[in-house]
1. Grab the DSSP H runs of the chain that are 4 residues or longer, score each as -39,500 (n - 2.57), total them, divide by all residues and round the 222 nm result to the nearest 500 deg cm²/dmol.
2. With a ≥ b ≥ c the root eigenvalues of the C-alpha gyration tensor of segment 184-264, is it rounded (a/c under 1.5), prolate (a/b larger than b/c) or oblate?
3. Using Cα atoms only, what is the angle between the long axis of helix 192-208 and the major principal axis of the chain, expressed in degrees (0 to 90) to the nearest 10?
4. Calculate the FRET efficiency for residue 30 and residue 275 from the Cβ-Cβ distance with a Förster distance of 51 Å, rounded to the nearest 0.05.
5. For the chain, take every pair of Cα atoms, bin their distances at 10 Å starting from 0, and report each bin as a whole percent.
6. May I ask you to derive the FRET efficiency for residue 255 and residue 167 from their Cβ-Cβ distance with R0 = 35 Å, giving the value to the nearest 0.05?
7. State the antiparallel share, in %, of DSSP beta bridges confined to the chain, rounding to the nearest 5.
8. Provide the packing ranking of 239-245, 116-122, i.e. peptides ordered by the mean count of other C-beta atoms within 10 Å per residue, highest first.
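Rule-based calculations on the coordinates, nothing more; no lab input. Owing to the predicted nature of the structure, the values given are computational and were not obtained by experimental measurement. Counting neighbours? That spans all protein chains shown, and the Cβs are built from the backbone with ideal geometry, glycine included.
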Ligand code: NAD
């Protein structure tokens with residue numbers, strides 16, 4: 001018999017976890033959100049309410065978005081939260097030891113059939129698989145921020161992932177309105193960031209080095225490739241803090257670019273669209 005996914009539990013209801021839970025519930029699945037304590041769960045309710053408003057504004061046919069938000073169950077009891085789950089999607093903070101710890105608990109509490117998927121952006125599933133107690137039913141399912149809009153779901157298993165489990169998760173991704181992107185083997189950065197990070201770095205290198213203004217770089221990219229947005233427009237959407245932190249952990253050249261970002265933008269409060277100005281100015 002094929003693998004059926006109906007009940008989904010999302011671990012961690014922060015930025016991405018709340019979006020994944022909301023989108024999954026919006027597409028008619030039975031969803032439970034798990035987080036560490038009541039304060040985190042109260043914050044989750046607030047995130048769901050905000051998402052409901054966003055969906056009504058931005059997603060066609062989202063008139064029932066408030067009902068979606070209300071229909072998501074929340075729990076701070078891990079055992080209860082996963083007791084009937086067909087699929088657990090983990091979106092806890094990006095700290096390897098924390099993820100390993102939670103998978104050790106989860107492996108003991110979840111039914112044997114339950115599939116585990118990590119939304120980790122930078123950790124490879126093979127670094128986690130031994131802690132799950134079920135490496136054949138574990139893989140990465142990676143969403144992008146603003147799942148209703150940037151709807152890729154990158155799916156990446158390890159050598160141990162059962163192909164039937166992999167295909168079930170591909171099917172699930174489609175069922176919740178994502179475009180599944182299948183990776184055949186593990187790759188840090190998946191497909192999207194393997195392409196995007198070098199592009200953004202090259203763009204910042206051009207501007208920091210005084211070769212060309214951000215506007216000229218973006219114009220070149222748009223006209224030369226037909227893309228709707230250039231790298232600096234994309235950076236403004238992402239916000240400059242995350243790229244800054246990533247660059248700071250790199251080599252001397254990367255750190256010089258980070259310093260340039262800090263001096264010219266971050267220290268001036270120009271963090272991107274969220275603050276009304278980054279490389280470009282935005283009006284509300
Ligand atoms: P976040 O900090 O917004 O949310 C993390 C949530 O996990 C919080 O609600 C926190 O209370 C909860 N948490 C902490 N410890 C926990 C535990 N032991 N058990 C269960 N929940 C716990 O983080 P985020 O930005 O949503 O990122 C979560 C994951 O998603 C990371 O692996 C990250 O790489 C990935 N991701 C993030 C983005 C993004 O743009 N933010 C995009 C794609 C993937």
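1. So the helix-based figure for the chain works out to -14000 deg cm²/dmol.
2. Since a/c reaches 1.5 but b/c is at least a/b, the shape of segment 184-264 is classed as oblate.
3. Helix 192-208 sits at roughly 20 degrees to that axis.
4. Working from the Cβ atoms, E equals 0.85.
5. 6, 26, 31, 24, 11, 1, 0
6. Working from the Cβ atoms, E equals 0.25.
7. Approximately 25 percent, going by the DSSP bridge assignments.
8. Descending mean neighbour count gives 116-122, 239-245.
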